[in-house]
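Trainee: Once you've had a glance at the structure underneath, I'll fire off some questions.
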């Protein structure tokens, strides 16, 4: 699976240069990526990409404003700023960027930033999950998944907006999502710990109102994970 990376800059020459150097880094490190160049912040989807390389100085909506929009959507995909405006670095920190690259030092600083990005991919994987339903193959943003419910050979992926019946095993989802802070609370449920409101007795109350059963052998670990999530937030 290729990682999707958005690159934003209103200077067409620099945009082409960043794309070329990023592609070279990915090729040299044998990381499969698809780079999408943009000259306007309004064209960048806040939950579609696995990473963002953003210029700060942009007309209308600047790079930091776009990053805030990305974070408000719930996405924690890595953000790398590429900017000549060093004075705004502390403002940029509010969006938890992975790196801040100075445009005059692009050639020297981009490779290290891409290495850090690829390491993030290695640890956490993609922020989108490719699944096949009875209608189509689609990308589902991981941060929008509330939980997975098992129905034998079919699993129901419950998100903030809708549900998807997917032809994959629960083991597949557990393998793919455990590193994204999902926890198997019951043989029939894999939940996103960031979507849990509280745990009471042997039930997990989710933000969509669902109350899911927790195996008595998993209650204490579920509580520990929820406490860790609260303090992490």
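Trainee: Taking the Cα atoms of the stretch 170-218 alone, what are Rg (to one decimal) and Dmax (as a whole number) in Å?
Mentor: When restricted to the Cα atoms of the stretch 170-218, Rg and Dmax are 10.4, 28 Å.
Trainee: Using only the Cα atoms of the stretch 49-127, build the gyration tensor, take square roots of its eigenvalues as a ≥ b ≥ c, and label the shape rounded, prolate or oblate: rounded if a/c is under 1.5, else prolate if a/b is larger than b/c, else oblate. Intermediate values should be presented prior to the final figure.
Mentor: Numbers: a/c = 2.09, a/b = 1.10, b/c = 1.90.
Oblate.
Trainee: So, one more: Using a Förster distance of 25 Å, how high is the FRET efficiency between residue 71 and residue 39, based on the Cβ-Cβ distance and rounded to 0.05?
Mentor: Numbers: r = 22 Å, r/R0 = 0.88.
Computed FRET efficiency for residue 71 and residue 39: 0.70.
Trainee: If you average the sequence gap of Cα pairs under 8 Å that are 6 or more apart and divide by the length of the stretch 85-154, what percent do you get for the contact order?
Mentor: Values: 31 pairs, mean separation 11.5, N = 70.
RCO, the stretch 85-154: 16 percent.
Trainee: Relative contact order, percent, of the stretch 128-232 when contacts are C-alpha pairs under 8 Å separated by at least 6 residues?
Mentor: 18 percent
Trainee: Take the Cα atoms of the stretch 140-210, build their convex hull, and give its volume per residue in Å³. If you can, show how the numbers build up before the last one.
Mentor: Working: hull volume 5.8 nm³, N = 71.
Residue-normalised Cα hull volume stands at 81 Å³.
Trainee: Based on the Cβ-Cβ distance from residue 210 to residue 138, what FRET efficiency comes out when R0 is 22 Å, to the nearest 0.05?
Mentor: On the way: r = 22 Å, r/R0 = 1.01.
E(calc), rounded to 0.05, equals 0.50.
Trainee: How much length, in nm to one decimal, is gained on full extension between residue 167 and residue 93, taken as 0.36 nm per residue of separation minus their Cα-Cα distance?
Mentor: On the way: separation 74, 0.36 × 74 = 26.64 nm, distance 4.05 nm.
Stretched fully, the residue 167-residue 93 segment lengthens by 22.6 nm.
Trainee: Could you calculate the FRET efficiency of residue 124 with residue 13 from 1/(1 + (r/R0)^6), where r is the beta carbon distance between them and R0 is 30 Å, rounded to 0.05?
Mentor: 0.35
Trainee: Here's something else I'd like to know. Once a ≥ b ≥ c are taken as the square roots of the eigenvalues of the Cα gyration tensor of the stretch 82-154, is the result rounded (a/c under 1.5), prolate (a/b larger than b/c) or oblate (a/b not larger than b/c)?
Mentor: Values: a/c = 3.42, a/b = 2.62, b/c = 1.30.
Note, shape of the stretch 82-154 comes out prolate.
Trainee: Give me the percent of Cα-Cα pairs in the stretch 108-226 that sit more than 21 Å apart, rounded to a whole number.
Mentor: Working: 2867 of 7021 pairs.
The proportion of pairs with Cα distances above 21 Å equals 41 percent.
Trainee: Expressed as an acute angle from 0 to 90° and rounded to the nearest 10, what is the orientation of the C-alpha long axis of helix 106-124 relative to the principal long axis of the chain?
Mentor: 10 degrees
Trainee: Oh, and also: What is the chain's relative contact order, in percent, from Cα pairs under 8 angstrom and six or more apart in sequence?
Mentor: 11 percent
Trainee: Calculate for the chain the 222 nm mean residue ellipticity that helices alone would give, adding -39,500 (n - 2.57) per DSSP H run of length 4 or more and normalising by residue count, nearest 500 deg cm²/dmol. The partial results should precede the final answer.
Mentor: Details: 6 runs with 72 residues, N = 233.
Dividing the helical sum by the residues of the chain leaves -9500 deg cm²/dmol.
Trainee: Something else now. Using only the alpha carbons of the chain, what is the convex hull's orientation-averaged projected area in square nanometres?
Mentor: Numbers: hull surface 54.5 nm².
Mean orientational projected area (the chain, Cα hull): 13.6 nm².
Values in this text are rule-based calculations from the coordinates and carry no lab data. What you see is a predicted model, and the numbers here were worked out from it, not measured in a lab. Here the Cβ is made from the backbone with ideal geometry for all residues, glycine too, and neighbour counts use every protein chain on show.
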